[in-house]
Amino acid sequence: HKLEEVLNEVIAGVIVVADAKKQYRLDLERQQREWAEAERRRVEFEQQRRAEEQRLKELESNAERWTKSRWLHSYVEAVERAARDAGIPMAPDSDLGRWLEWANRHAARLDPIPAELARLKDLKVVRSSMETGPSRETASG
């Protein structure tokens, strides 16, 4: 009987150890899944934070460019008004006329609003086509 009792205890011990190892492995796998999920959330949050930071920088940059554009347009208008008041000719082929055209073009290039509106319009078109799917054309013939 003694050998059987010892064998039973050994087998019971092996089963307990195997169960403990299995539970440890399951706990470790669960912990690794939790860590991976936490890391995925951290990376996603960081990407969102960076994207928002970039959007804010672009917004502030566009506002600065718009302000500079408005400021330059106002300056060009003041020069044009002063020239008119002084009776200086402003024909398009005159030095002043060419300068006014150049300065207005430069101020207009700085203005971010036309590009921003075009970008937003393009986004609307893309989103709309994504929501409705590709257009269906019927084949004739």
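Among the residues in the stretch 76-92, are any touching a residue at least 24 places away in the same chain (Cβ under 8 Å) and either aromatic (Phe, Trp, Tyr) or in contact with a helix residue (DSSP H, G or I) (Cβ under 6 Å, 6 or more places away or on another chain) (or both)? Yes, the stretch 76-92 contains at least one residue that is touching a residue at least 24 places away in the same chain (Cβ under 8 Å) and either aromatic (Phe, Trp, Tyr) or in contact with a helix residue (DSSP H, G or I) (Cβ under 6 Å, 6 or more places away or on another chain) (or both).
Answer yes or no as to whether Glu44 is surrounded by 10 or more Cβ atoms within 10 Å (Cβ to Cβ), under 35 Å from the mean Cα position of the chain (by Cα), farther than 30 Å from Arg98 by Cβ and among the acidic types (Asp, Glu). Yes: the conditions hold for Glu44.
Within the stretch 75-87, the set of residues being at pLDDT 95 or above and loosely packed, with under 11 Cβ neighbours inside 10 Å comprises Ala78, Arg81, Ala82, Asp85, Ala86.
The values are calculated or read from the model by the stated rules, or taken from the named source; none is laboratory data. No experiment lies behind these values; they were computed from the predicted model shown. Note that each Cβ is placed from the backbone with ideal geometry, even for glycine, and that neighbours are counted across all protein chains shown.
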